[in-house]
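One structure is given here, and the rest of the page talks about it.
The values are calculated or read from the model by the stated rules, or taken from the named source; none is laboratory data. Everything numeric in this text was worked out from a predicted model, so none of it was measured. With ideal geometry, Cβ positions are generated from the backbone for all residues, glycine too; neighbour counts draw on all protein chains shown.
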Amino acid sequence: MRIAFIGLGAMGLPMARRLAGDPGLGLTLFDASPDAMARADFGQHASSAADAIESAELIATMLPADAHVSAVAETVREAGRPGQIYVDFSTISPAAMDAVARSLAGAGIAVVSASCMKSVAAARTGELSLFVGGDPAVTDRLGPVLARLATSRQYVGSIAAAKSLKIINNVIVSTVDLMLSEALLIGARLGLPPDAAAGSFAEQGADSWALRNHIVKHALTDDLGPGIFSVAYMAKDVRLAVSMADELGWPVFFAGLLLSAYRGLIAHGHADDYHPVVLRWLEAGANSGPVTEVAGAQGDLVSGQLTPAVTCLQSLITLEALHLARGAGLDEITAAWFLSGGSAANDFLARLAAPGDGGGWPALATMLDHIARGCELAQEASVPAMSFETGRNLVLALMDRWGKSASLADVIAG
């Protein structure tokens, strides 16, 4: 199969290199940046996108934003030919992806939407996870190609669903990072060491991939510099989530809060740093030293009050993001099933995805008590705790609509 690969950035270059390693695939490359082209020491180099796709059976793109994908798709529509397949790996809005599919369908070109999960390192080793949407007959034909790039491929149905799930995944991960960072800071100011706090969260219903891989491995070791997945990149994904909500006419309290926090991070020079650097920004906002320098004697008392608040907040953050999946035709439970094995994984997602788990959900009034106590701890510690205050008000809004005795299970069912 002859492939045209367009977009040789941080993720695109290692993905293209993986494809070049298969002798059964011929590869033509193009990127609008001469520097990016210079870094590609493999494949046949094209002088333009139109040149790249001329002899291709499969056209693949990995590009920064909606406008870039739309521009390349327009070239494909004009210079392509019926029977070609176009697959986009970029993180762009579901609406933009749908528009591309409609445009190319008129030219007889099949479109597949594939969203990449995991890191640049996974792209290098071919261990990405993919959400794939489109005509199953077409996606099946791409099996050998996608197998070079990913060890996990989930067919999620529609073109829009593949993009939606990626955006929802990233909003869950990054908002949980923000909330956990606030919780660690509250605990630290009240004498709870961060390793003890993280252990309590993991053991008592607030475990998550983000806690173990972002907070413990990176934030608490101060491994937050450039070269991983930056604040600027994650801010783009959060903006996409906010735009999805705007199109649906739905509020997203936590995503809006996170977007504001990222604006602050960028204004303070953190645009290129790894996005869990939000902990450093929160420490500065609370006029605090690093949480890792804390040693105190109140660990058990503070942990016992803080952990239930974190558990409730993680549930609210996750459910709010999952609600956006309805715009792509997926209900919250189905979306949870798709997301529960990836970087958004957390205890609440796992519970939603578990067949037949319908009991034991706390009442909204109980959740409010836990989160309100977290807010009181934040007041005592002089920590802004934006996600805690947002969560408290969100529960109040849910109680106003559903009643104090309702649970999140009732909210989902309604």
| Selection from the range 117-131 of residues that are touching a helix residue (DSSP H, G or I) at 6+ places or on another chain (Cβ under 7 Å) and either outside the structural domain of Asp66 (by TED's automatic domain parsing) or under 23 Å from Ala95 (Cα atoms) (or both) | Met117, Leu130, Phe131
| request: Out of Val176, Val111, report the one residue that is of a type in the set (Val, Ile, Thr), buried (at least 24 other Cβ atoms within 10 Å of the Cβ) and under 16 Å from Met97 (Cα atoms). | output: Val111
| query | Does Met97 satisfy the criteria of being at pLDDT below 95 and surrounded by 15 or more Cβ atoms within 10 Å (Cβ to Cβ)? | reply | no
| field | Residue list for the range 230-240, restricted to those being surrounded by 18 or more Cβ atoms within 10 Å (Cβ to Cβ) and more than 11 Å from the chain's Cα centre (by Cα) | value | Ser230, Val231
| remark: Of (1) within 19 Å of the chain's Cα centre (by Cα); (2) surrounded by fewer than 24 Cβ atoms within 10 Å (Cβ to Cβ); (3) of a type in the set (Ser, Thr, Tyr), Ser181 satisfies every one except (2)
| query | Which residues, taken from the range 129-143, are in contact (Cβ under 8 Å) with a residue 60 or more places away in the chain and either over 19 Å from Val72 (Cβ atoms) or not in a loop (DSSP other than H, G, I, E, B) (or both)? | reply | Ser129, Phe131
| query | Does the range 105-123 include one or more residues that are touching a residue at least 24 places away in the same chain (Cβ under 8 Å), among the small types (Gly, Ala, Ser), assigned to a strand (DSSP E or B) and under 23 Å from Gly26 (Cβ atoms)? | reply | yes
| Pick from the range 10-57, criterion surrounded by fewer than 21 Cβ atoms within 10 Å (Cβ to Cβ) and either closer than 15 Å to Leu142 by Cβ or outside the structural domain of Glu74 (by TED's automatic domain parsing) (or both), ranking: farthest from the chain's Cα centre (by Cα) | Gly24
| task | Taking the options Gly134, Gly80, Gly143, Gly106, name whichever one is at positive phi and in the same structural domain as Arg17 (by TED's automatic domain parsing). | result | Gly134
| Can you tell me how many residues in the range 302-332 are within 25 Å of His370 (Cα to Cα) and either assigned to a loop (DSSP other than H, G, I, E, B) or of a type in the set (Val, Ile, Thr) (or both)? | 6
| note | A careful count of residues in the range 84-104 that are in a helix (DSSP H, G or I) and charged (D, E, K, R) gives 2
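Determine whether Ile215 is touching a residue at least 24 places away in the same chain (Cβ under 8 Å) and over 18 Å from the mean Cα position of the chain (by Cα).
So Ile215 fails the test.
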